[in-house]
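What follows is a set of notes on a single structure, which appears directly below.
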Amino acid sequence: MSCPNCGATINSLQAVCSYCGAYITGRGANITVQAFKEQLMEIEKTRQDSISKSMWDVLSLTPSSADTQKLTLIKNFPIPNTIEEISEFMLLAVANIDVSLSKNTFRNRINSSSGISSATISWAISNAWVAKMEQVYNKALLSFPNEPIFKNIEQVYKSKMKELKLLKK
């Protein structure tokens with residue numbers, strides 16, 4: 001990959017050119033995050049209308065196919081590489097965390113040991129978002145720890161971790 005400012009060869013994971021200091025951005029910024037959102041929306045479209053579900057479907061211990069696909073997508077989607085996309089992905093992850101489900105409480109620790117069922121799928125999805133938030137933070141830390149935008153990402157991350165009662169002292 002080449003720096004768009006000076007043309008120097010750079011690593012594809014670099015957010016800042018080590019030769020000239022230019023931010024590595026693209027006109028198509030946020031394409032990865034947009035693709036992720038579209039995949040999530042496609043999964044949601046497959047969800048059956050709750051009125052058409054039989055009583056057996058509602059009481060089933062097996063999570064819906066849409067929820068299982070959503071969980072898999074969140075867990076496996078790669079973190080983007082540009083500063084803008086990393087920032088946007090952080091905001092997306094934080095916004096999708098259900099604090100009441102992911103908070104470090106006795107009840108939620110019990111859920112973690114009970115496996116994934118229709119009763120615990122929302123908990124699992126929220127915790128997948130927590131894990132994704134942690135991945136985004138770590139990628140930002142590795143990619144551009146000295147950039148001003150990192151401080152914003154760090155502040156969002158630490159604030160959410162405190163809210164979740166997961167911040168290690």
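When you go through (1) modelled with pLDDT of 90 or more; (2) more than 15 Å from the chain's Cα centre (by Cα) one by one for residue 165, which number turns out not to apply?
Among (1) modelled with pLDDT of 90 or more; (2) more than 15 Å from the chain's Cα centre (by Cα), the lone unmet condition for residue 165 is (1).
With touching a Pro at 6+ places or on another chain (Cβ under 9 Å) and modelled with pLDDT of 85 or more as the only criterion, which of 95, 124, 128 stands out? First the steps, then the outcome.
Numbers: 95 fails: touching a Pro at 6+ places or on another chain (Cβ under 9 Å); 128 fails: touching a Pro at 6+ places or on another chain (Cβ under 9 Å).
Step by step, each of 95, 124, 128 is checked, and only 124 is touching a Pro at 6+ places or on another chain (Cβ under 9 Å) and modelled with pLDDT of 85 or more.
Give me the pairs, please: first residue somewhere in region 142-162 and in contact (Cβ under 8 Å) with a residue 40 or more places away in the chain and farther than 19 Å from residue 15 by Cα, second residue anywhere and outside any helix (DSSP H, G or I) and open to solvent by less than 90 Å² (accessible area, probe 1.4 Å), beta-carbon distance under 7 Å, and either six or more positions apart or on two chains.
Matching pairs, first to second residue: 160/97.
I'd like the residue in region 29-60 that is more than 17 Å from residue 93 (Cα to Cα), open to solvent by less than 70 Å² (accessible area, probe 1.4 Å) and of a type in the set (S, T, N, Q) and, out of all such residues, is modelled with the highest pLDDT.
60
When only residues in region 71-91 that are part of a helix (DSSP H, G or I) and of a type outside the set (A, V, I, L, M, F, W, C) count, which is surrounded by the most Cβ atoms within 10 Å (Cβ to Cβ)?
Taking region 71-91 first, the residues part of a helix (DSSP H, G or I) are 71-76, 83-91.
Subsequent filtering for residues that are of a type outside the set (A, V, I, L, M, F, W, C) retains 72, 75-76, 84-85, 87-88.
Working: 72: 12, 75: 15, 76: 8, 84: 18, 85: 24, 87: 21, 88: 20.
Result: 85.
Considering region 137-148 alone, what residues qualify as being among the hydrophobic types (A, V, I, L, M, F, W, C) and either open to solvent by 50 Å² or more (accessible area, probe 1.4 Å) or in a loop (DSSP other than H, G, I, E, B) (or both)? Please lay out each step first, then the result.
Our first condition is that a residue be among the hydrophobic types (A, V, I, L, M, F, W, C); within region 137-148, this holds for 140-142, 144.
Hits for region 137-148 are 141, 142, 144.
The values are calculated or read from the model by the stated rules, or taken from the named source; none is laboratory data. For clarity, every value in this text was computed on a predicted model and none was experimentally measured. Cβ sites come from the backbone with ideal geometry, for glycine too, and all protein chains shown count toward neighbours. For accessibility, only protein heavy atoms count, side chains too; no ligands or nucleic acids. Shrake-Rupley method; radii C 1.70, N 1.55, O 1.52, S 1.80 Å.
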